[in-house]
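Working notes, beginning with the structure itself.
The values are calculated or read from the model by the stated rules, or taken from the named source; none is laboratory data. Quick caveat: nothing in here was measured; it's all calculated off a predicted structure. FYI the Cβ positions are ideal-geometry reconstructions off the backbone, even for glycines, and counts take in every protein chain you see. Ligands, DNA and RNA are stripped out before the accessible areas are found, and what is left, the full protein with its side chains, is counted by its heavy atoms. Shrake-Rupley method; radii C 1.70, N 1.55, O 1.52, S 1.80 Å.
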Number of protein chains: 2
Amino acid sequence: MTRLIDELRKLPGIGTKSAQRLAFHVLRSSAEDAEKLAGAIRELKAHLRLCSICNNITDVDPCSYCTSAVRDQRLICVLEEPTNIATIEKTRSFAGVYHVLHGTLSPIGGVGPEQLRIANLMTRLPEVDEVILATSPTTEGEATARYLVDEIRRSNTRVKVTRIATGVPAGSDIEYADEVTMSRALEGRREL
Amino acid sequence: MTRLIDELRKLPGIGTKSAQRLAFHVLRSSAEDAEKLAGAIRELKAHLRLCSICNNITDVDPCSYCTSAVRDQRLICVLEEPTNIATIEKTRSFAGVYHVLHGTLSPIGGVGPEQLRIANLMTRLPEVDEVILATSPTTEGEATARYLVDEIRRSNTRVKVTRIATGVPAGSDIEYADEVTMSRALEGRREL
């Protein structure tokens, strides 16, 4: 019991109390359900890998996005983490493919370009029309986007490189926009 | 005392408790301070009016923005409320002038185009190169922007009409962006 609680506590957002509650739940579950959970954890690690093209987490390589015939394989959306794919998919307005960097440049955190999955992005460029840099508009995300545009330009001058819009969020009053966001919203204004 | 408390309670964000606290503060103040406060309230209403050009609240008509020689008088930023001017000024990245609508279109709230200060925006168009529609990206703000672009186009086909960017706020992770905001951020992407 203590061993399970200790293991559960290693999960993000799970403290001692939550770990105890989860462990007691497992204790009360049927042997079959407990085995299913253990099996699912084992299977995840045994079968999942990164897609060799886009670095997304997948059980088949290349992943379903990279082999999709209905998605535009010449439009790549570059993301920081695999979870960001869900954020883009939810919009139902993107029909291209992805490239996951698995992090952002962070000199303080000791993350340099070689720690990110940039090399296999460069090899995709000849087959691509546009690369959308959709890293977050945070300090690290912006630095990563700036680094990438320079690298892409150095390697390929034909491909279009775009950056997602920074601005006032939909449904929000401009009264609550901070100076930087408002400044970017003005700068990024579009002709109607 | 009861009369002052009743009057103070009419102010936004002031309940009975706050009104009592403020009234007791006035009671403990010197007669001079109380007279200063009363005088300032009277003076505000006596001297402030709306600028006949931009509808901003001002003590001189036209207001200091509309007569400024250092601001670009050919670039107008259209806003919902006078308080929005502070939001734009804080960015230190806008050197044009303003036009305050004093509200947004709201069919449910009974606010139609004739309730907004649109007529004197139209008369400004011949002297202008660009109109930035900086109403909020809320339902009402978007509807107002859409109405205005049609009206401006009908009256003047030369002037450039732009809309501030909707997107992920600066410093925010895309993980926290809602679908509509993320969709607009993708749609509004800019070439680097």
Inset, instruction - Six or more apart or on different chains, Cβ under 7 Å: which pairs go from a residue in the range A:176-188 that's touching a residue at least 12 places away in the same chain (Cβ under 8 Å) to one that's open to solvent by less than 30 Å² (accessible area, probe 1.4 Å) and of a type in the set (Ser, Thr, Tyr)? Could you list them? - result: A:Thr181/A:Thr166; A:Met182/B:Thr87; A:Met182/B:Thr91; A:Arg184/A:Thr166; A:Gly188/A:Thr166
Inset, instruction - Would you point out which residue out of A:Ala165, A:Ala143 is more than 7 Å from chain B (Cβ to nearest Cβ) and surrounded by 15 or more Cβ atoms within 10 Å (Cβ to Cβ)? - result: A:Ala143
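Give the residues of the range A:129-140 that are surrounded by fewer than 15 Cβ atoms within 10 Å (Cβ to Cβ) and either at the interface with chain B (Cβ under 8 Å from one of its Cβ atoms) or out of contact with any strand residue (DSSP E or B) (no Cβ under 8 Å at 6 or more places or on another chain) (or both), sorted by residue number.
The one that is surrounded by fewer than 15 Cβ atoms within 10 Å (Cβ to Cβ) and either at the interface with chain B (Cβ under 8 Å from one of its Cβ atoms) or out of contact with any strand residue (DSSP E or B) (no Cβ under 8 Å at 6 or more places or on another chain) (or both): A:Thr139.
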Inset, instruction - For B:Ala23, state whether it is touching a residue at least 12 places away in the same chain (Cβ under 8 Å) and either over 30 Å from B:Ile88 (Cβ atoms) or exposed (fewer than 12 other Cβ atoms within 10 Å of the Cβ) (or both). - result: yes
Inset, instruction - Output the residues belonging to the range B:147-160 that are within 11 Å of chain A (Cβ to nearest Cβ) and surrounded by fewer than 15 Cβ atoms within 10 Å (Cβ to Cβ). - result: B:Asp150, B:Arg153, B:Lys160
Inset, instruction - Go through the range B:46-58 and give me each residue that's under 19 Å from the mean Cα position of the chain (by Cα), without any contact (Cβ under 8 Å) to a residue 60 or more places away in the chain and exposed (fewer than 13 other Cβ atoms within 10 Å of the Cβ). - result: B:Leu48
Legend entry - In the range A:77-128, residue least open to solvent (accessible area, probe 1.4 Å) [restricted to those that are closer than 25 Å to A:Gly167 by Cβ and of a type in the set (D, E, K, R)]: A:Glu80
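Is there a residue in the range B:74-81 that is within 14 Å of another protein chain (Cβ to nearest Cβ), in a loop (DSSP other than H, G, I, E, B) and not polar (S, T, N, Q)?
Yes, the conditions are met somewhere in the range B:74-81.
Quickly run through the range A:168-184 and pick out the residues that are crowded, with 21+ Cβ neighbours inside 10 Å and over 24 Å from the mean Cα position of the chain (by Cα).
Matches in the range A:168-184: A:Ile174, A:Ala177, A:Met182.
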Inset, instruction - Inspect all residues belonging to the range A:65-73 and state whether any of them is in contact with a Gly (Cβ under 7 Å, 6 or more places away or on another chain), surrounded by 13 or more Cβ atoms within 10 Å (Cβ to Cβ) and touching a residue at least 40 places away in the same chain (Cβ under 8 Å). - result: no
Inset, instruction - Using the structure shown, decide if B:Gly171 is in the same structural domain as B:Val111 (by TED's automatic domain parsing) and at positive phi. - result: yes
